[in-house]
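One structure below.
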Amino acid sequence: MKTESILSPLGWGLLPPRQNHYPIHPALPILSLAEEALAHEVLETFYTQTSPHQTIEGLRALLREYCQLHHFRLENEQESYLSEICKMHAFEAGPLTPLLHDKGIEEIVLTGISPAHPVRVYQTPTGWKETPLYFTDPAALISLFNRLTLDTGKRLSANTPVLNAILPTGARIHAAISPICSTDIEASIRLFTHRPTHPTELLRLNTLTPESFAYITLALQLDCNLLIVGNTGSGKTTTLN
């Protein structure tokens, strides 16, 4: 395995936990360079296989075969979390997977590539918080975004340095690379909370006044067209739902 590089072979890392960090659930394991290199080599081999063999079970079998071939012995727990990391990269959103599945997060933002630019998340009512996750390789991150938006036909590249797309989950992704942005890459993923909201709660929160609620109710009954506008976080999607 190639372990001489000081950069993460997988393109991301974790900062030492701090009290004000937003916790990632389930927690990502802190991998050694040797473990990262192993996962990277397995993934590179997996990507060259034909589609019928690109399954989760096929990926796990490939990890075991690779270890046997190179005489690596893994503990059961070690094999389990390395399999999970490989699955996240091959079939999901890499290290962003736990954040995308977190129903309490409304937005995920990345403003650069380095430990000085950790991924940040927005959650109501606590606001913005840093996570321990950071990225080290813009090429790996670009590849990740392109895989997430594969079904949309949109790509992030030197020819198209700005990406705007809607993921199958309904999340909206925006990403840009240099020279459009001042760093190697910047990105945001806007999620939507799944907590149902009753109209009376909108009245209690002063999102709607009783008069506007009555007006909207009549408009819906009359099958009118409605246009809901407002700033980010003003409650447009909540009201629409």
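If the convex hull of the alpha-carbon atoms of the chain is projected onto planes in all directions, what is the mean projected area in square nanometres?
Numbers: hull surface 68.0 nm².
For the chain, averaging the hull's shadow over all directions gives 17.0 nm².
For helix 33-47, report the angle its Cα long axis makes with the longest principal axis of the Cα atoms of the chain; keep it between 0 and 90° and round to the nearest 10°.
So the helix axis and the longest Cα principal axis differ by about 80 degrees.
Once the other residues with Cβ under 13 Å from the Cβ of GLY13 are scored (Lys, Arg +1; Asp, Glu -1), what is the net sum?
Result for the local shell: -3.
Starting from the Cα-Cα distance between LYS103 and GLN19, subtract it from 0.36 nm times their residue separation and give me the gain in nm to one decimal. Provide the component values of the computation, followed by the final result.
Details: separation 84, 0.36 × 84 = 30.24 nm, distance 2.13 nm.
Gain on stretching LYS103 to GLN19: 28.1 nm.
Under 29 Å between C-alpha atoms is the cut-off here; go through the chain and count lysine pairs that meet it, provided they're at least eight residues apart or on different chains.
9
Taking 0.36 nm per residue of sequence separation and subtracting the Cα-Cα distance, how much length would be gained by fully extending the chain between GLN123 and THR160, in nm to one decimal?
10.3 nm
What full-extension length gain, to one decimal in nm, is calculated for LEU227 and THR169 as 0.36 nm per residue of separation minus the Cα-Cα distance?
Working: separation 58, 0.36 × 58 = 20.88 nm, distance 2.30 nm.
Taking LEU227 through THR169 to full extension adds about 18.6 nm, to one decimal.
Give the angle, between 0 and 90 degrees and rounded to the nearest 10, that separates the Cα long axis of helix 56-69 from the longest principal axis of the Cα atoms of the chain.
20
Find the accessible area per residue for segment 21-168; the probe is 1.4 Å, ligands and nucleic acids are left out, and the unit is Å².
Numbers: 7780 Å² over 148 residues.
So segment 21-168 comes to 53 Å² accessible per residue, rounded to a whole number.
Using just the C-alpha positions of segment 68-196 as equal point scatterers, what log10 of I(q)/I(0) does the Debye formula give at each q in 0.17 1/Å?
-0.94
In whole percent, and with a 1.4 Å probe on the protein chains, what portion of the accessible area of the chain is carbon and sulfur?
Within the chain, the accessible surface is 55 percent carbon and sulfur.
Angle between the Cα long axis of helix 76-91 and the longest principal axis of the chain, 0 to 90 degrees, nearest 10?
The helix 76-91 is inclined about 60 degrees to the chain.
If the viscosity is 0.692 mPa s and the temperature 37 °C, what translational diffusion coefficient in µm²/s does Stokes-Einstein give for segment 47-128 when Rh comes from Kirkwood over Cα pairs?
Values: Rh = 15.3 Å.
Rounded, D is 214 µm²/s.
Report, as a whole number in µm² per second, the diffusion coefficient that Stokes-Einstein gives for segment 1-143 at 25 °C and 0.890 mPa s using the Kirkwood radius over alpha carbon pairs.
152
Whole-Å semi-axes of segment 84-152's equivalent ellipsoid, largest first, each the root of 5 times a Cα gyration tensor eigenvalue?
Gyration-tensor ellipsoid for segment 84-152: 20, 15, 11 Å.
Taking only Cα atoms and a 10 Å spring cutoff, compute GNM fluctuations for the chain and point out the largest among LEU227, LEU63, LEU144.
Comparing LEU227, LEU63, LEU144 in a Gaussian network model of the chain, the most mobile one is LEU227.
The values are calculated or read from the model by the stated rules, or taken from the named source; none is laboratory data. Values in this document were obtained by computation on a predicted structure and should not be read as measured data. No Cβ is skipped: glycine too gets one built from the backbone with ideal geometry, and neighbour counts run over all protein chains shown. Just the protein is used for accessible areas: all its heavy atoms, side chains included, with ligands, DNA and RNA removed. Shrake-Rupley method; radii C 1.70, N 1.55, O 1.52, S 1.80 Å.
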